[in-house]
Amino acid sequence: MDERALVVGIDLSTQSCTVEARRAADMSVVARARTPLPPTSPPVSEHDARVWWAVLEESFRILGEGVELASIAAMSVSGQCHGLVALDEAGEPVRPVKLWNDTSTAAHLEKLLGRVDVRMWIERTGSRPTAAFTISKLAWFLAEEPESAARTRTILLPHDYINYRLTGRFATERSEASGTGYFDSEKNAYDFELLRLCFGDAMEWESLFPEVLGPNERLGEVTADAARALGISAGIPVAVGGGDQHIAALGLGIASGDVLFSLGTSGVVIASSDTPVRDPKGRVDGVANAVGGWLPLVCSLNSTKVTDWFARVLGIGVRELDELALAAEIAAPGPAFAAYLDGERTPDYPLAAGVITGLTGETTRSALARSVFEGVLSGLVRGMGAIEACGVDVSSGKVIAIGGGARSAAYTTILADLLGRPVEVIGEPEATARGACLQALALLRGEDVAEVAVRFRPEPDRIIDPREGGRRWTEVEAEYMRACGFAAVLDRSAF
């Protein structure tokens, strides 16, 4: 292998497009480039898919200032899950993409859930669909824009669209497909019967969706047109890619027994399973992973943006908020915060609002600041309990924190306190892009992607131990759940 050869991972998130180049010989980072995307805010959260490509072009232009783009030997694309990309006969978008955090489709999903038994849905797809799922966007699309739906010939997911622009091929993979609400990850097949139960013959289902590839398959090669647009060589092999959380887990080498807390725009708690996961209560998404197994996860809408908001409310920076929260008396009780500022995905309360309970005349700024961090984390710890209740053991492995929130001393310390376990912070600021690079490397070498992920599993940057006397989940749970009960009955559109 040429010592100069590079692998490139692309991460198309809700907020930005990141392109990372690593040396194929040792996986060392050579350069990164990030370009922001237009900001969105629920309940309506949409992007023009063509803007994604324009932002990708800009990211490669920036990347080319630091590396020789001719050295790129393989690529892989990861992206935000669930968004509905509707294309016409010419492969052009028929409307803006409704993103995963668009909650305006919730009422249409409720109609579907009234028509199709939820337990059957979970058995067939592994998850109870929420407003985030693609099928919710599809229900909205058919009801609200039937003329656009009639012009639609192909429905893709966000990373599929970038792959299509790169290679000209309509294809996806099972981790992405398993988050649509109409894919069976055990059979690795779309559930056309379920689609007809929901929508009848409103669309030509068998020809509408892309083919589903395995984790080690080659998607295609970069076309001449895409190469000219990005300033790279035509013919570069492109791996199948995957959903952002799934590829992040790959990038971190998550193994059985481990539990991963991803603290970013959304908050996600993830485990690994060799067998399918079905939660009859619908709290856990039993989605597929990027290596052939399953990735039971619980996702919340409200994570680091909640603490960013509270810092703005107090008129201080996020680092000062960190210090303020950690200055609270360690064992002292304090308020409980249901952090549902944008509604919530898990539990499925799209119209809920935030609620703080337990305020008294003795409540300090520090105790209030701590409650905000605790509120975000409590939703995820609650989610971890739901994963455990599905029979997935997360007690024997590592607790790993990633994302912007993992750089926060308050987030990681309070998480360690709640769990009573050490928390490892991985010194990889772009876990998703790293996972995409690993997938590209496996394709380049002709090796199994799962084996490559284990071989290049990153070491922790630091380990945070729980504090003696720190508040454990057993001490916080009851009041937190009471706050959630109040939040669940609110309608945020009334405020």
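Before moving on, here are some points about what is shown:
- Hull shadow area, averaged, the stretch 96-223 [alpha-carbon convex hull, nm²]: 7.8
- Computed 3J(HN,Hα) for the stretch 459-473, one whole-Hz value per residue from the Karplus formula 6.51 cos²θ - 1.76 cosθ + 1.60 where θ = phi - 60°, is 7, x, 6, 7, 10, 10, 8, x, 7, 5, x, x, 6, 8, 4, glycine and proline marked x.
- For GLY83, residues with placed amide H under 5 Å, excluding near neighbours: TRP100
- Amide H contacts for ASP48 (H built 1.01 Å from N in the peptide plane; partners 5 or more residues away or on another chain; cut-off under 5 Å): VAL97.
- Over the chain, DSSP H runs of length four or greater, each weighted -39,500 (n - 2.57), average out per residue to a 222 nm ellipticity of -11000 deg cm²/dmol.
- Loop-resident sites, the stretch 264-368, for trypsin sites (Lys or Arg not before Pro), counting at most 10 other Cβ within 10 Å (DSSP): none
- Restriction of the GluC sites (Glu not before Pro) in the stretch 443-495 to DSSP coil positions whose beta-carbon has at most 12 other beta-carbons within 10 angstrom yields GLU468.
- Note on the chain: Lys pairs 8 or more places apart or on different chains, Cα atoms under 30 Å apart, count 15.
- Between the stretch 3-81 and the stretch 120-157, the alpha-carbon centres lie 27 Å apart.
- Cα gyration tensor shape for the stretch 64-109, rounded if a/c is under 1.5, else prolate or oblate: prolate
- Computed log₁₀ I(q)/I(0) - Debye formula, equal Cα scatterers, no solvent, the chain, q 0.07, 0.10 Å⁻¹: -0.35, -0.73
- Dividing the alpha-carbon radius of gyration of the stretch 375-495 by the rule-of-thumb value 2.2 N^0.38 Å gives 1.33.
- Each peptide in 329-336, 259-266, 357-364 receives the mean, over its residues, of other Cβ atoms within 10 Å, and ordering these scores from highest gives 259-266, 329-336, 357-364.
- Between the stretch 388-411 and the stretch 233-306, the alpha-carbon center distance in angstrom: 12
- Farthest toward positive dipole pole in the stretch 11-114 [+1 Lys/Arg, -1 Asp/Glu at C-beta], among ALA33, LEU87, LEU69: ALA33
- Rounded accessible area per residue of the stretch 128-253, 1.4 Å, Å²: 33
- Contact order normalised by residue count of the stretch 1-124, Cα under 8 Å, 6+ apart, percent: 27
- Projecting the Cα atoms of LEU418, VAL394, VAL212 onto the charge dipole of the chain, computed from C-beta unit charges around the Cα centre, puts LEU418 farthest toward the positive end.
- Per-residue 3J(HN,Hα) values for the stretch 393-401, derived from phi via the Karplus relation 6.51 cos²θ - 1.76 cosθ + 1.60 with θ = phi - 60°, read 7, 10, 9, 9, x, 8, 9, 10, 10 Hz in sequence order (x marks Gly and Pro).
- Rounded to the nearest whole Hz, the Karplus-based 3J(HN,Hα) values (6.51 cos²θ - 1.76 cosθ + 1.60, θ = phi - 60°) of the stretch 285-298 follow the sequence 7, x, 7, 7, 9, 8, 10, x, x, 10, 9, x, 8, 10, with x at glycine and proline.
- For the chain, the residue among LEU314, VAL7, VAL116 whose Cα projects farthest onto the positive side of the dipole built from Cβ charges is LEU314.
- Considering only beta bridges that DSSP places wholly inside the chain, some 70 percent are antiparallel.
- Placed amide H near ALA288: partners under 5 Å, 5+ positions off or other chain: SER178, LEU295
- Whole-angstrom Cα spans of the stretch 1-83 along principal axes, big to small: 48, 23, 17
- Counting only protein heavy atoms and a probe of 1.4 Å, the accessible surface of the chain is 50% carbon and sulfur.
- Computed with a 1.4 Å probe on the full set of protein chains, the accessible area for CYS198 sits at about 10 Å².
- Taken about its Cα centre, the chain carries a charge dipole of about 500 debye when Lys and Arg each add +1 at the Cβ and Asp and Glu each add -1 at the Cβ.
- Taking other residues whose beta carbon is less than 10 angstrom from the beta carbon of PRO158, and scoring Lys, Arg as +1 and Asp, Glu as -1, yields -3.
- Label-to-label distance, nm, for residues given as ARG228 and GLU123 (7 Å Cα→Cβ offset): 5.4
The values are calculated or read from the model by the stated rules, or taken from the named source; none is laboratory data. These numbers were taken from a predicted model, which means no experiment stands behind them. Neighbour counts run over all protein chains shown; Cβ positions are idealised from the backbone, glycine included. Just the protein is used for accessible areas: all its heavy atoms, side chains included, with ligands, DNA and RNA removed. Shrake-Rupley method; radii C 1.70, N 1.55, O 1.52, S 1.80 Å.
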